[in-house]
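Asker: This is the structure I want to talk about, given as structure tokens.
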Amino acid sequence: MSVLDSAPLDVLDAYRTCEFATLGRDGTPVAWPTAVWRRPDGTLLLSTSLAFAQKALNIRRDGRVALLFSDPTGSGRTAPPQIFVGGHAECPDEIMTGPQGAEEYWRMLFERQPHSRSYLSAPMRPLMDWYYLRLLISVTPRQVVVRPPLPAPDAPAPAQPPAPVSGLLGAARLARFPTAVFAGRDASGAPVLARTRPVPTADGFAVAVPADCPAAPGPASLLAHRHDERLNNMYNVLVRGELRTGDGGPVLVPEKVVEPMGTGRVSDAVGVLRSTRRATDRYLSRRGLPRPRVQWQDFRTLARNPHHP
């Protein structure tokens with residue numbers, strides 16, 4: 001019996017993405033959206049490209065991770081429960097150049113993110129090979145918490161934060177979203193996650209989290225992200241900082257804003273492609289490895305018919 005059996009597995013499987021948190025070198029819990037495949041044995045399979053290998057490096061240093069299934073966009077579900085999973089991850093330093101060992105994961109991705117199939121065309125291969133050079137992450141769940149959906153806000157989020165705190169770092173970006181995902185650490189240092197509505201104040205972002213998310217003061221972050229129903233038009237922003245205890249409750253004091261895929265403007269695309277290629281080269285160079293050749297034909301075979309083995 002798996003720990004996951006206590007969760008509504010049909011709901012978990014319907015989520016197109018989850019928020020996945022690892023612990024940075026300085027102990028900051030950092031969350032990013034990612035796709036997940038649930039294996040029959042109850043473990044979870046994720047992957048990361050060499051261009052975004054930091055989560056893999058974090059796991060090799062500290063395997064404690066957390067996942068939150070909380071954004072139902074594209075799932076076909078209306079207000080499904082949120083599912084928190086805490087566990088331990090492993091990420092071998094083996095670069096996967098083809099889908100072997102992760103065929104079901106790639107079938108799922110090609111079905112749910114159809115535009116990714118275009119990366120397999122001959123003209124796109126020189127630009128997008130980094131996308132297919134992957135590290136596999138396996139998570140063994142150790143804790144599952146099922147939470148109700150976050151209630152709908154009474155009013156739409158304002159286009160801009162209130163004037164008294166308009167200079168608060170990250171406030172203008174987070175104000176574009178009705179909610180964000182808080183990533184903190186519990187008393188043992190393990191990452192915890194909760195979707196919340198951060199409120200900008202003069203001291204930072206006030207964050208209200210459920211009692212089953214026992215966040216302790218210290219390094220923390222807020223993730224806001226979006227995608228459409230076909231996992232396209234993505235945008236991610238992370239506000240890193242420190243969680244402190246304020247008079248009205250926990251407050252995250254922002255210190256840094258990270259936008260790994262740019263601001264979302266079309267003009268950012270060239271810069272993102274350059275940075276992903278540099279990051280991939282850097283990962284390989286530090287290990288004295290030549291750039292591997294992607295097994296394009298194997299991926300194309302899966303992409304042609306992602307619905308069936």
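The values are calculated or read from the model by the stated rules, or taken from the named source; none is laboratory data. Keep in mind that this is a model prediction, so the values were computed, not measured. Glycine also receives a Cβ, built like all others from the backbone with ideal geometry; neighbour counts cover every protein chain displayed.
Asker: I need every pair where a residue in segment 187-198 that is under 15 Å from Gly87 (Cβ atoms) and in contact (Cβ under 8 Å) with a residue 40 or more places away in the chain has its Cβ under 6 Å from the Cβ of a residue that is outside any strand (DSSP E or B) and of a type outside the set (A, V, I, L, M, F, W, C), sequence separation at least 6 or different chains.
Answerer: Val192/Asp186
Asker: Under the condition of being small (Gly, Ala, Ser) and exposed (fewer than 14 other Cβ atoms within 10 Å of the Cβ), which residue from segment 158-178 is modelled with the lowest pLDDT?
Answerer: Ala163
Asker: Looking at Asp281, Asp212, can you tell me which residue is in a loop (DSSP other than H, G, I, E, B) and at negative phi?
Answerer: Just a single option satisfies the conditions, and that option is Asp212.
Asker: Could you list all residues from segment 226-261 that are crowded, with 16+ Cβ neighbours inside 10 Å and charged (D, E, K, R)?
Answerer: If the condition is that a residue be crowded, with 16+ Cβ neighbours inside 10 Å and charged (D, E, K, R), then Arg240, Glu242 are the ones that fit.
Asker: Being part of a helix (DSSP H, G or I) and either small (Gly, Ala, Ser) or in contact with a strand residue (DSSP E or B) (Cβ under 8 Å, 6 or more places away or on another chain) (or both) is the filter; apply it to segment 127-141 and report the residue that is surrounded by the fewest Cβ atoms within 10 Å (Cβ to Cβ).
Answerer: So the residue we want is Tyr131.
Asker: A further question follows. Against the condition in contact (Cβ under 8 Å) with a residue 40 or more places away in the chain and among the charged types (D, E, K, R), how does Asp203 come out, does it pass?
Answerer: Criteria met by Asp203.
Asker: For segment 16-36, give me each residue that is of a type in the set (Ser, Thr, Tyr) and either in a loop (DSSP other than H, G, I, E, B) or more than 12 Å from Lys55 (Cα to Cα) (or both).
Answerer: Those that are of a type in the set (Ser, Thr, Tyr) and either in a loop (DSSP other than H, G, I, E, B) or more than 12 Å from Lys55 (Cα to Cα) (or both): Thr17, Thr28.
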